[in-house]
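The values are calculated or read from the model by the stated rules, or taken from the named source; none is laboratory data. Just so we're clear, the structure is a prediction, and the values are computed from it rather than from any experiment. Neighbour counts are summed over all protein chains in view; Cβ atoms, including those assigned to glycine, are modelled from backbone coordinates with ideal geometry. These area figures cover heavy atoms from the full protein model, side chains too; ligands, DNA and RNA do not enter into them. Shrake-Rupley method; radii C 1.70, N 1.55, O 1.52, S 1.80 Å.
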Amino acid sequence: MPLRFFNTYSRGIEQFEPHEPTARPIRMYTCGPTVYSRAHIGNFRAYIFEDLLQRHLELRGYKVHRVMNITDVEDKTIRGASEAGVPLQKFTEQFKEAFFEDARTLRIKRADEYPAATEQRYIDRMIDMISALISKGLAYQADDKSVYFRINKFPEYGKLAHFDLTQLQSTGRVKHDEYDKEHIGDFALWKAWDEADGDVKWDSPWGPGRPGWHIECSAMSTALLGDQIDIHCGGVDNIFPHHEAEIAQSEGVTGKKFVNYWLHCAHLLVDGQKMAKSLGNFYTVPDVLAKGYTGRELRYALLRVHYRVPLNFTWEGMNEARESLARIDEWLARLRQLVGTAQRADPTSHFEDALDDDLNISAALGFLFESIRETNRTMDQNEMDAAAASAWLDWWNRINTILDLEASVDVAIPDEVAQLAEQREEARREKNWKRSDELREQISALGWEVRDTKDGPKLTRATVSA
Ligand code: AMP
Ligand code: ZN
């Protein structure tokens, strides 16, 4: 079945055809973190959606070359460094490291490249692109010495966001007074230095200053992926003005179509509102771990809803994630007890077919749990043979290259818990129910749950109450 994605540009589902249908990798660009503070789990919803997209493309046999930029210079990073009284580089370094640590915790596949905006070769490229835009009449230097993109000269401006230019308002990312610009929607390509910038500045034909946020992505993407990209992703809040501006700048310079497929994920919400730093309603990955959850559980909670559907973050949702994973773990353990050496073809491909359909993860997971239910019933009736169990495990291994949800050391049973469980078994053998209940409580105080099954006691991570 061909892959289909919802393209923000056309607002429709389109069949996916890579730019050059040859063996060359798919070029994928994903807007990365602005490293002025630790990313919140809303940001990670976007990165997990991109991870799912990349892994599914790879499962379908494509090679993917993915670039994720690091925005390490813009208003917020400069303000943060100045408030902390440290150089910009030192200020942003800690948040870059935190980003990589959190991405590892969430099992997000590494991009092939992580360019940072402050690298001199990208600054040089930004300056070259701005010069080219000026020479084409698409940009101008205003009285405040900053350089702006002239949106009235680019008729395509507004096509991605389906925006009427007359309704444009100031975006908040534009620093200088509006009257310096020809049009309120003109955005800064180069921001002239002022005192608040401290020593953050680069020389340019327009005087000392620094790049605007949008030109950073145009420069880094074209530098590393060429003039034309297959897939460009981000959260829906990136559509306007950021991605609209990226199109104007990149196409303004190259004259070629910049991106074939624009994919945007809906927000992670808290109480119906976007999770955002500015609203103070956010959690970071360490916040969630501190509540006793694992990275795998958070990965599942952020992954399980279709990327174009807003997802409300709740602790009940985290508990549901834990329960779903416990079902998968138990199912795998049962299958593994049964397998023999015999092999059989994959049971079905419904899971992958669902993902072909604009990454319909909800349908794919629905199919997984339906399969778990059915195979558990077969196993209950002792009707699963070794060959069938092997086939199901092969199938799991295949879909787990996308899900990456198998338990690992992060849920290994601690010695203390295992010993308590052993003592509880002894108490039960002696029919000392009081002692057995006490031990159950001690186990639960350590964050584990013991369940008595016909195959003996099973330990799982306990459900945490908020
Ligand atoms: P930023 O660091 O603000 O540039 O954001 C990094 C990425 O996270 C972008 O792709 C944003 O669109 C995305 N993002 C920000 N907030 C949320 C949210 N609440 N839910 C999903 N994605 C988000
Ligand atoms: Zn970007």
Out of (1) under 15 Å from the mean Cα position of the chain (by Cα); (2) open to solvent by less than 20 Å² (accessible area, probe 1.4 Å), the one T105 does not meet is (2)
Inside the range 359-434, counting only helices (runs of 4 or more DSSP H) that do not spill past its ends, which hold 3 or more residues that are closer than 30 Å to F6 by Cβ and in contact with a Lys or Arg (Cβ under 9 Å, 6 or more places away or on another chain)? 361-380, 386-403
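Looking at S390, S444, S436, which one is touching a helix residue (DSSP H, G or I) at 6+ places or on another chain (Cβ under 6 Å) and farther than 26 Å from H306 by Cβ? Let's see the steps before the verdict.
Values: S390 fails: touching a helix residue (DSSP H, G or I) at 6+ places or on another chain (Cβ under 6 Å); S444 fails: touching a helix residue (DSSP H, G or I) at 6+ places or on another chain (Cβ under 6 Å).
Only one candidate passes the filter, namely S436.
For the range 1-48, enumerate the residues that are in contact with a Cys (Cβ under 8 Å, 6 or more places away or on another chain) and of a type outside the set (A, V, I, L, M).
Let us first name the residues in the range 1-48 that are in contact with a Cys (Cβ under 8 Å, 6 or more places away or on another chain), namely 28-31, 45-46.
Selection gives Y29, T30, C31, R45.
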For A391, are the conditions met, namely being in contact with a Pro (Cβ under 6 Å, 6 or more places away or on another chain) and modelled with pLDDT under 95? yes
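Give the range 245-276 a look and list any residue that's open to solvent by less than 50 Å² (accessible area, probe 1.4 Å), touching a His at 6+ places or on another chain (Cβ under 7 Å) and not acidic (D, E), or say none. Full working, then the answer.
Step one: of the range 245-276, the residues open to solvent by less than 50 Å² (accessible area, probe 1.4 Å) are 245-254, 258-270, 275-276.
Within this subset, residues satisfying the condition of being touching a His at 6+ places or on another chain (Cβ under 7 Å) are 245-246, 249, 259-260, 262, 275.
Once the filter is applied, which keeps residues that are open to solvent by less than 50 Å² (accessible area, probe 1.4 Å), touching a His at 6+ places or on another chain (Cβ under 7 Å) and not acidic (D, E), the range 245-276 yields A245, Q249, V259, N260, W262, M275.
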How many residues of the range 288-304 are free of Cβ contacts under 8 Å to residues at least 24 places away in the same chain and either more than 22 Å from I361 (Cα to Cα) or surrounded by fewer than 19 Cβ atoms within 10 Å (Cβ to Cβ) (or both)? The answer is 1
Examine the range 183-190 for a residue that is within 16 Å of ligand 2 (Cβ to nearest atom), in contact with a Phe, Trp or Tyr (Cβ under 6 Å, 6 or more places away or on another chain) and closer than 16 Å to G32 by Cα, and state whether such a residue exists. no
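Being more than 13 Å from ligand 1 (Cβ to nearest atom) and either of a type in the set (S, T, Y) or open to solvent by less than 20 Å² (accessible area, probe 1.4 Å) (or both) is the filter; apply it to the range 54-72 and report the residue that is modelled with the lowest pLDDT. Reasoning before the result, please.
Narrowing the range 54-72 to residues more than 13 Å from ligand 1 (Cβ to nearest atom): 54-67.
Narrowing the set further to residues that are either of a type in the set (S, T, Y) or open to solvent by less than 20 Å² (accessible area, probe 1.4 Å) (or both) leaves 54, 56-57, 62, 64, 66-67.
Working: Q54: 98, H56: 97, L57: 96, Y62: 93, V64: 96, R66: 98, V67: 98.
For the range 54-72, the residue satisfying everything is Y62.
Looking at this structure, is Y307 of a type in the set (F, W, Y), assigned to a loop (DSSP other than H, G, I, E, B), within 16 Å of ligand 1 (Cβ to nearest atom) and touching a Leu at 6+ places or on another chain (Cβ under 9 Å)?
yes
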A196 - would you say it is within 16 Å of ligand 2 (Cβ to nearest atom) and not aromatic (F, W, Y)? no
Do you know which residues across the range 58-97 are over 29 Å from W193 (Cα atoms) and out of contact with any Phe, Trp or Tyr (no Cβ under 8 Å at 6 or more places or on another chain)? E58, L59, R60, G61, Y62, K63, V64, H65
Take the conditions modelled with pLDDT of 95 or more, near ligand 1 (Cβ under 10 Å from one of its atoms) and open to solvent by 10 Å² or more (accessible area, probe 1.4 Å) and apply them to V236. Does it pass? yes
Pull up the range 202-216, narrow it to residues that are touching a Ser or Thr at 6+ places or on another chain (Cβ under 8 Å) and within 15 Å of ligand 1 (Cβ to nearest atom), then point me to the one that is nearest to Y148 (Cα to Cα). W213
Checking A39 against (1) over 30 Å from K159 (Cα atoms); (2) within 13 Å of ligand 1 (Cβ to nearest atom); (3) surrounded by 19 or more Cβ atoms within 10 Å (Cβ to Cβ), which test does it fail? (1)
I want to confirm something. Restricting to the range 1-35 and keeping residues that are open to solvent by less than 60 Å² (accessible area, probe 1.4 Å) and aromatic (F, W, Y), which single residue is nearest to ligand 2 (Cβ to nearest atom)? Y29
Single match in F187, F163, F154 (criterion: of a type in the set (F, W, Y) and at pLDDT below 95): F163
Mind checking which helices (runs of 4 or more DSSP H) fall wholly inside the range 45-146 and carry at least 3 residues that are under 30 Å from M318 (Cα atoms)? 88-105
